[in-house]
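In what follows, a structure is listed as structure tokens, so that the remarks can point back to it.
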Amino acid sequence: MTTAAGSGHPTSSLSAVEVVTALYFGGFMRYDVNAPHDPNRDRFILSKGHAVPVLYSAMAEAGYFPVDELMTLRKLGGRLEGHPNMKRLPGIEASTGSLGQGLSFGIGEALACRLDQLDSHVYVMLGDGEIEEGQVWEAFAAGRKYKLANLTAIVDRNGFQQTGATSHVMDMTSVPDKIAAFGWHTQTIEGNDMQAVVDALEKARQVKDQPTAIVSQTRKGFGILPLLEKEGDVNYHGKPLSKELAEQALQLIDSTP
Amino acid sequence: MKIGEKSGLKLGQATRDAFGEALKEFGGSHPQVVTVDGDVGNSTRTEVFAEAYPDRAFNVGIAESNLVSVAGGLAACGKTPVVASFACFLLNNAYDQIRMSVAFPALNVKLVGTHAGISIGEDGPSQMGIEDVALARSFPGMTVIVPCDAPSAKKATAAMLTLAGPTYLRLGRPKVPVVYANGCDFEIGKAITVRDGSDVTIIANGLMVAVALDAATDLAAEGVSARVIDMHTAKPIDEEAIIKAARETGAIVVAEEHLAAGGLGSAVAMVVGQTIPVPLAYVNLGDRYAESGDAEGLLEHYGLTAAAICEAVRRVSRR
């Protein structure tokens with residue numbers, strides 16, 4: 001869809017596919033596409049809002065809107081904006097895109113759900129470049145203070161950000177240790193391994209006395225890596241594939257077990 | 001504080017204290033109201049609500065960015081969160097969080113900025129909110145209210161909590177004169193003419209309303225009839241009241257405890273310039289930061305006085 005749009009962040013979206021798929025279709029999130037404002041629903045906040053294509057894809061597959069609406073991504077007048085807009089599209093839980101705010105927003109939602117004695121769980125996905133924003137750590141601290149066991153933060157650690165590898169731009173060393181030190185139950189997994197993702201989400205659900213975090217080690221552009229390597233840019237941040245490359249990408253994904 | 005004395009006004013509660021009481025009162029009958037604090041609840045007076053309703057009061061410590069986005073999340077789930085901090089920490093520090101977690105999604109968050117203006121006194125410029133009205137006005141859809149005294153601050157608090165949509169309420173630190181000793185009919189967006197007049201209009205908000213009344217008292221002794229308007233709502237601005245003042249009095253002075261850029265003065269100018277252009281003059285902080293000092297001394301030193309308003313009236317009448 002980013003090819004059709006002529007802009008967007010395909011590789012940032014691809015790294016998150018397994019986690020988003022597990023959340024929406026693995027039985028982890030309770031939701032009803034016909035009742036997107038039901039207070040009892042579970043909520044997913046895509047704090048790394050630029051990866052919105054993966055969220056729109058999941059929402060389309062789930063039935064929030066017709067699949068062919070995906071081709072209206074970023075088009076004037078369309079509901080599928082370049083970053084999530086909660087006022088425009090039912091099922092979007094937060095308007096993100098200015099990195100660093102989604103986890104805090106999730107804390108507010110988790111607090112409200114607990115006040116209202118709802119069973120709802122809030123999942124927030126962050127980027128590994130995004131955790132360079134100080135506000136993220138303000139949120140980690142607050143999550144522990146309020147013992148938000150109904151909140152799970154997932155860091156999509158794909159190793160890259162806009163200007164290069166995270167290890168090069170700003171190496172946030174010992175990420176799982178740091179999050180654990182803030183008082184969250186923390187797991188580290190291979191995030192493009194569906195079984196590992198499912199196991200981790202299941203484990204997180206069992207934790208009743210702390211907020212939970214999953215550091216999901218992934219590959220940016222997972223699924224089309226050989227293609228990116230051939231293009232000489234495994235980061236390929238914020239640019240759509242050309243029509244030809246997109247064709248090849250779809251063929252590659254279809255032919256991969 | 002001697003402001004208001006010559007106009008017969010008596011000193012009353014600080015607007016932040018009035019807010020604290022009104023919030024607790026409203027919160028008692030409105031279970032959706034919650035507070036989110038950044039370690040200054042005993043300064044902003046949300047502690048009064050917090051003491052009464054501890055389950056609905058959250059303190060996230062010294063973390064204004066998190067503070068505002070948490071409020072956004074609470075509002076997204078149907079709560080009416082009241083986020084209070086010093087104006088400069090709330091608007092300046094968390095501007096982008098207000099943008100993306102509140103204003104852009106048009107969430108029902110009530111932002112309250114205390115310690116507005118230079119009258120906070122000795123703590124000095126780092127704690128003074130002097131650009132907050134400008135910043136608040138810049139958000140599409142934000143309602144911006146600056147009450148002048150305790151009675152109107154209480155009404156403004158209730159009105160803010162009843163209104164649907166993002167709102168900013170500006171409050172001060174010191175005790176201030178009571179303008180509305182006999183109560184007021186407070187309606188968001190409707191300016192109140194506190195003193196009628198025909199030769200010039202002084203439009204003011206916050207502390208400067210009482211200062212404007214003092215100026216009007218002085219001007220009356222010189223045979224100048226000055227109308228004083230409490231323009232408590234900076235956004236949406238009461239265009240009708242401004243146009244009426246321009247048409248009926250022919251000259252306007254705008255007085256505020258705020259920088260020249262972007263506050264009430266700017267809002268009034270935009271209306272006047274597009275409708276009935278009349279001479280305008282301003283009494284405000286100008287384009288500078290203040291310093292540490294006693295509140296009255298600071299107001300005197302930085303020209304936020306009745307004398308300055310009188311001088312502005314003479315300037316604007318000469319043109």
Fewest-first ranking of A:Phe44, B:Phe104, A:Phe105, using other Cβ atoms within 10 Å as the exposure measure: B:Phe104, A:Phe44, A:Phe105
How far is the Cα center of segment B:19-82 from the Cα center of segment B:250-319, in Å? 34
Bins of 5 Å, starting at 0 and running to the largest distance - Cα pair percent for segment B:11-177: 2, 10, 21, 25, 23, 14, 5, 1, 0
Among A:Ala58, A:Val33, A:Val17, whose Cα projects farthest towards the positive end of the dipole of the protein assembly as shown, with charges put on the beta-carbon of Lys, Arg (+1) and Asp, Glu (-1)? A:Val33
P(r) histogram, all alpha-carbon pairs of the protein assembly as shown included - 10 Å bins from 0, percent: 4, 17, 24, 20, 15, 11, 6, 2, 0, 0
For chain B, take the longest principal axis of its alpha carbons; what is the angle in degrees between that and the long axis of helix B:15-29, to the nearest 10 within 0 to 90? 40
Sorting A:Arg205, A:Arg41 on the 10 Å Cβ count, fewest up front, what's the list? A:Arg205, A:Arg41
In nm, the gap between the two label points placed 7 Å beyond Cα toward Cβ at B:Ile243 and A:Met172 is 5.3
Along each principal axis of its Cα atoms, how long is segment A:85-149 end to end? Whole angstroms, biggest number first, please. 34, 32, 13
Normalised contact order of chain B, rounded percent, pairs of Cα under 8 Å and 6 or more residues apart: 18
Segment A:108-165 to segment A:228-257: how many Å between their Cα centroids? 30
Contact order normalised by residue count of chain A, Cα under 8 Å, 6+ apart, percent: 24
Volume per residue of the C-alpha convex hull in segment A:138-187, rounded to whole Å³: 88
How crowded by other chains is B:74-82, given as the mean number of beta carbons from other chains within 10 Å of each beta carbon? 6
Ranked highest first by average number of other Cβ atoms within 10 Å, how do A:162-171, B:63-72, A:84-93 line up? B:63-72, A:84-93, A:162-171
Given the C-alpha centroids of segment B:91-122 and segment A:17-76, what is the distance between them in whole angstrom? 31
Report, for segment A:8-220, the % of DSSP beta bridges that are antiparallel, rounded to 5. 10
Take every DSSP beta bridge whose two residues both sit in the protein assembly as shown, then give the antiparallel share in percent to the nearest 5. 15
Helix axis angle, B:239-249 relative to chain B longest principal axis, alpha carbon, degrees: 10
I'd like the FRET efficiency for A:Asn34 and A:Asp116, computed as 1/(1 + (r/R0)^6) with the beta carbon distance as r and R0 of 22 Å, rounded to 0.05. 0.55
Here are some pairs, A:Lys87/A:Lys220; A:Lys75/A:Lys230; B:Lys154/B:Lys175; which of them have Cα atoms lying more than 25 Å apart in this structure? A:Lys87/A:Lys220; A:Lys75/A:Lys230
Ratio of the Cα radius of gyration of chain B to 2.2 N^0.38 Å, where N counts its residues: 0.94
Just tell me how shielded A:134-146 is by partners: mean number of partner chain Cβ atoms within 10 Å of each residue's Cβ, no decimals. 4
Sorted by Cβ density within 10 Å, fewest first, the residues A:Met1, A:Met59: A:Met1, A:Met59
Span per principal axis, largest first, for the Cα atoms of segment A:8-220 (Å): 44, 44, 31
For a quick size check, give me the Cα extents of segment B:192-312 along its three principal axes, largest first, whole Å. 41, 33, 21
Quote the FRET efficiency, to the nearest 0.05, computed for A:Tyr146 versus B:Arg319 with a Förster distance R0 of 35 Å and r equal to the Cβ-Cβ distance. 0.05
Relative to the longest principal Cα axis of chain A, at what angle does helix A:194-206 sit, 0 to 90 degrees, rounded to 10? 20
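Bear in mind these aren't lab numbers, they're just calculated from the coordinates by the rules spelled out. This is a predicted model, so every value here is computed, not measured. Reconstructed Cβ throughout: ideal geometry from the backbone, glycine too, with neighbour counts over all protein chains shown.
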